Amino acid sequence: MRIQPMSPEFAARISTWRYPAPYDFYSMEADEEDISELMNGDYAAVTDAAGNPFGFYCTGNSARVAGGYGAGLYADDTCVDYGLGMKPELTGHGAGLDFVKGGMAYVSDKFPGMGIRLAVAKFNQRAVKVYSRAGFKEICEFTSLVGGENVLFTGMVYRFSEETRTT
């Protein structure tokens, strides 16, 4: 696994990924808007040994969900917001925990001393379980308008302990 800056080529490829239902919620439209979003500086590509993208990480505002503001999720400035996505063909096969932990290490290196916060669609119990296994704790639930529908989200936070910082 190699983490590198997002490139226009990687952004174009990632924007074409299509997830099966009910995860199609995460699919992009492969348009200029999606590519621009992926190129805004908040995203990093995750590639395999051959240099092919199999995921991405994002931080900052790009990792936020609009409804989280009203729920107070983003009021804590001791956390950095974290988002991620894995190539659809690779999801559901047991690689999620390593992928999430790789992103946590990336975020920790980029933002030392900060906690890590994420928002995940509540229906995505597969992801919620992986985040919980990685040490994230659920702190709130909120709804946010996505694609014209109100979607229930869970806000989760990971805080590094002194123990985990030294290992």
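The values are calculated or read from the model by the stated rules, or taken from the named source; none is laboratory data. Keep in mind the model is a prediction, meaning the values are calculated, not measured. Every residue, glycine among them, receives a Cβ derived from its backbone with ideal geometry; neighbour counts consider all protein chains shown. Side chains included, ligands, DNA and RNA excluded: accessible areas come from the protein's heavy atoms. Shrake-Rupley method; radii C 1.70, N 1.55, O 1.52, S 1.80 Å.
Summary table
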{"quantity": "Region 103-167, relative contact order in percent, only Cα pairs under 8 angstrom and at least six apart counted", "calculated": "37"}
{"quantity": "Relative counts (whole %) of C-alpha pair distances in region 91-167, using bins that are 5 Å wide", "calculated": "3, 14, 24, 22, 17, 13, 5, 1, 1, 0"}
{"quantity": "Compactness of the chain - radius of gyration and Dmax, Cα, Å", "calculated": "15.2, 45"}
{"quantity": "Reachable lysines from Lys101, criterion Cα separation under 17 angstrom, eight or more residues apart if same chain", "calculated": "Lys87, Lys110, Lys129, Lys137"}
{"quantity": "Carbon/sulfur fraction of accessible area - region 26-167, other protein chains in place, 1.4 Å, %", "calculated": "51"}
{"quantity": "Length-normalised contact order for region 32-114 - Cα pairs under 8 Å, 6+ apart - percent", "calculated": "25"}
{"quantity": "Mean separation of Cα contacts under 8 Å (6+ apart) over length of region 50-167, as relative contact order %", "calculated": "27"}
{"quantity": "Most fluctuating residue given options Met86, Met156, Met28, as computed from a GNM of the chain linking Cα atoms under 10 Å", "calculated": "Met28"}
{"quantity": "Solvent-free Debye scattering, log10 I(q)/I(0), computed from the Cα coordinates of region 1-66 at q = 0.13, 0.21, 0.27 Å⁻¹", "calculated": "-0.34, -0.89, -1.28"}
{"quantity": "222 nm mean residue ellipticity, helices alone, for the chain (DSSP H n ≥ 4; -39,500 (n - 2.57); rounded to 500)", "calculated": "-7000 deg cm²/dmol"}
{"quantity": "Separation between Cα centres of region 1-78 and region 90-167, rounded to whole Å", "calculated": "14"}
{"quantity": "Charge dipole magnitude, Cβ of K and R +1, D and E -1 - region 21-167, Cα centre, debye nearest 20", "calculated": "700"}
{"quantity": "Rounded accessible area per residue of the chain, 1.4 Å, Å²", "calculated": "53"}
